[in-house]
1. Identify all residues within segment 53-78 that are out of contact with any His (no Cβ under 8 Å at 6 or more places or on another chain), assigned to a loop (DSSP other than H, G, I, E, B) and farther than 15 Å from residue 43 by Cα; write none if there are none.
2. From the list 118, 147, which one is more than 30 Å from residue 67 (Cα to Cα) and touching a Ser or Thr at 6+ places or on another chain (Cβ under 9 Å)?
3. List every residue pair whose Cβ atoms sit under 7 Å apart, with the two residues 6 or more apart in sequence or on different chains, where the first one lies in segment 67-94 and is of a type in the set (A, V, I, L, M) and the second, anywhere, is outside any strand (DSSP E or B).
4. Is it true that residue 120 is within 15 Å of the chain's Cα centre (by Cα) and at pLDDT 95 or above?
5. Do the conditions hold for residue 160, that is, is it modelled with pLDDT of 95 or more and among the aliphatic types (A, V, I, L, M)?
6. Among the residues of segment 134-152, are any among the aromatic types (Phe, Trp, Tyr), under 21 Å from residue 42 (Cα atoms) and surrounded by fewer than 19 Cβ atoms within 10 Å (Cβ to Cβ)?
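The values are calculated or read from the model by the stated rules, or taken from the named source; none is laboratory data. For clarity, every value in this text was computed on a predicted model and none was experimentally measured. Cβ sites come from the backbone with ideal geometry, for glycine too, and all protein chains shown count toward neighbours.
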Amino acid sequence: MKKKIMIGLMAGMLAVFLSTGWCAGNYSQVGFDLMKNETIGLLRIGASDVDVLRLMGSAQTKSKATVWGADGLEHQKWNYPAKGIELGMVRDGVMQTVDRITIKSPCGWTTKRAIGIGATEQEVRDAYKEEINPNAKGLVAGTIYGGIIFSLNNGLVSSIFIGAAAE
């Protein structure tokens, strides 16, 4: 009887561990967790248009809003080239929220783990060692369907993207 209880407890613990997304190979869940929790400066996925305007001011340029077939929602790009920031905004009803963030020079903001433009590849790998996907093309924490993509030029971070780069 004790053996059956112990096996049941171990199976339950394994199921909980596997469902958390922090086991080797579950980079989709890792990416979604990063999108939910990571920031660049004070910017985060899900921030409202009101929060963005308060933090950043009006965008220098905005793209035409278009409805994407992938999700049926209205998408728009807000560009702040003098700050090195581009935001993907999505409208679901009345409010727009951030669904993608890209930074490049001259942006001086960093992620929660102090990675910004000019960081070395090794600094990124050290900061995101549990989340870097060894199967991804490039330096990706999570996946291209959700996570953080670090673009490198001569071994240094040249841009950081948080969001879903593929549908």
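1. Matches in segment 53-78: 60, 63, 64, 69, 70, 71, 72, 73.
2. Of the residues listed, the single one that is more than 30 Å from residue 67 (Cα to Cα) and touching a Ser or Thr at 6+ places or on another chain (Cβ under 9 Å) is 118.
3. Taking only residues 6 or more apart or on different chains, the pairs are 67/73; 70/167; 73/92; 82/60; 85/107; 87/52; 89/49; 90/73.
4. no
5. Against the criterion (modelled with pLDDT of 95 or more and among the aliphatic types (A, V, I, L, M)), residue 160 qualifies.
6. We begin by selecting, within segment 134-152, every residue among the aromatic types (Phe, Trp, Tyr); these are 145, 150.
Those still in the list that are under 21 Å from residue 42 (Cα atoms) too: 150.
Still in the list and also surrounded by fewer than 19 Cβ atoms within 10 Å (Cβ to Cβ): none.
There is no residue in segment 134-152 that is among the aromatic types (Phe, Trp, Tyr), under 21 Å from residue 42 (Cα atoms) and surrounded by fewer than 19 Cβ atoms within 10 Å (Cβ to Cβ).
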